[in-house]
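Notes for the one structure printed next.
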Amino acid sequence: MADFFHMGGYAIYVWSSYGVALVVLAGLLMASLSGLRRKERMLATLEQTLPRRRRRSAAAPSGDEAGSTLHHGTTGKDKRADDATKGGDDADGGSDGGGGE
Amino acid sequence: MTRKKRRLYMLLLALAGLGTATALTLTAFEENVAFFFSPSDLTVKPPGDKLVRVGGLVAGGSVVKENDGVTTRFTITDTAHTVDVTTNRPLPDLFREGQGVLVEGRLRPDGLFVASEVLARHDENYMPKEVADALKASGQFRPEVPGRPVFEAGR
Amino acid sequence: MHRFANPARFLRLAALVLPWVSVLSAILFTVGLYLALLASPEDYQQGDTVRIMYVHVPAAWMAMFTYSSMAVAAACALVWRHPLAEVYSKAAAPLGAGFTLLCLVTGSLWGEPMWGTWWVWDARLTSVLILFFLYLGYMALVDAFDDPQRGHRAGAILLLVGAINVPIIKFSVDWWNTLHQPASVLRLDGPAIHGDMLWPLLILALAFKTYFAATVILRMRAELAERKIQTLRLTQAGGV
């Protein structure tokens, strides 16, 4: 067991290497996980506030109209961006579908 | 579709151009990219009093520890030419006869290389000690390889 | 190709794959570390320092693999405009940078006792350092534009230009005299590593790869969520 920790006199080099590996890999994993959780929480709060807005606007017909024009407005903007990139419409459609979920 | 194809061809063309330019540059500067010269290179193109790195194998039976306790003398060979080296620097753990080695320093006019740094260079073979011993016993052990000469003789 | 480039389809597929690669990665790391630290022999000339190889080499392979895959994704993004290709590159970049850093640091920790130096400017070490800077440059470039689309475009071009560095890293040890030794595993005449050392290396390499797969899925999900947030914010901002 002492041999295991001693590493033939190279303990400092061998164990530092494995220590750095642990720090880098675990650090990236934790950062990725916490980043995902944060984004998902933000998305959940946004999605909670948005339907309420829609519901509210559904009650007032004028508001609904405003909402729908806006929606068209954004798709129009996406379309323009799409034209600028010249093509890839089906792929972009996919991302829109994802965004709408 | 044609737009996508055109983009693809432009991309491939750009990459081919970039690759060619890089290859030409690296070939032109090979002498600078090479990290060390071989003992043969020193005979083809003497370095004068410039600081150079020379790599090869430590010749068998050439390592001599001077009485002052810090100076070591040894010979580096690339199997075609040799260079005698003296150094008062510490030697790496891997330093031994037959081992790849790399020295940085200056070649004195009398042909002795004064090294200000000695590095060990090992090959790509990894094996347990028993396997190495067995290979050595059966004569199948592949010796370390020295680096290649950067200058071809007569160039 | 287009089918898999659909983010919704990707998210479904990712949810299916994630638990498997996570469990597989944990198992491979356990077995690999046991073999690497306890059950593998010392090297005949490098002794116990050969154990550094079991993290250094998988990190180096992943550094090159990640960059190559990002460059392929960049080509897909530029030519076919796959939205997922950009998401992938952005998600993979910090992981690739981490692998490269790990490769450089463990290489240094191995070089000092064996070669007698922490660092030299030979072709192999220098080209790997350039790879590290390419990762950092890509990450900085993508974030440097107000318009994310332009950032991704610029990043993709940088990735493709930098792709020339990958074969240079791989073949530097064959093309030029370097302090670093030539390849031990990926060589024409078969591995130059004894089986007892090759197995832990390959198992840990797979462990790194599955770790990457799991982590890049998490990061891609985060990036897709981020994009949804941006879209919703635009809609909301327009609504006010």
The protein assembly as shown, dipole about Cα centre (Lys/Arg Cβ +1, Asp/Glu Cβ -1), debye to the nearest 20 | 2500 debye
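If you rank B:12, C:35 by fewest surrounding Cβ atoms within 10 Å, what's the result? Show your work: numbers first, answer last.
Numbers: B:12 12, C:35 19.
Ascending number of Cβ neighbours within 10 Å: B:12, C:35.
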Can you flag which of B:136/C:170; B:5/C:90; C:90/C:209; B:136/C:209; C:170/C:228 are past 28 Å Cα-Cα?
-> B:136/C:170; B:136/C:209; C:170/C:228
Pairs of Cα atoms farther than 26 Å apart, chain B, % | 44 percent
So how strong a dipole does the range B:26-90 carry about its Cα centre when Lys and Arg Cβ are +1 and Asp and Glu Cβ are -1, to the nearest 20 debye?
-> 140 debye
Relative contact order as a percentage, chain B, C-alpha pairs under 8 Å and 6+ apart, gives 24 percent
Mean separation of Cα pairs under 8 Å and 6+ residues apart, divided by the residue count of chain C: what relative contact order is that in percent?
-> 31 percent
Where GluC sites (Glu not before Pro) in DSSP loops with at most 14 other Cβ within 10 Å are excluded, longest remaining stretch of chain B | B:1-65
Can you grab the distance from the C-alpha centre of the range C:36-56 to the C-alpha centre of the range B:35-92, Å, no decimals?
-> 30 Å
Helix C:123-143 versus the longest principal axis of chain C: what is the Cα-based angle in degrees, 0 to 90, to the nearest 10?
-> 20 degrees
How far is helix C:195-239 tilted off the main Cα axis of chain C, in degrees rounded to 10, range 0 to 90?
-> 20 degrees
Computed over the Cα atoms of chain C, the Rg and Dmax in Å are 20.0, 72
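Bear in mind that the values in this text are calculations on the coordinates, not laboratory data. On a predicted model such as this, the values are computed, not experimentally measured, just so you know. Methodologically, a virtual Cβ is constructed for each residue, glycine included, from the backbone with ideal geometry; neighbour enumeration extends over all protein chains shown.
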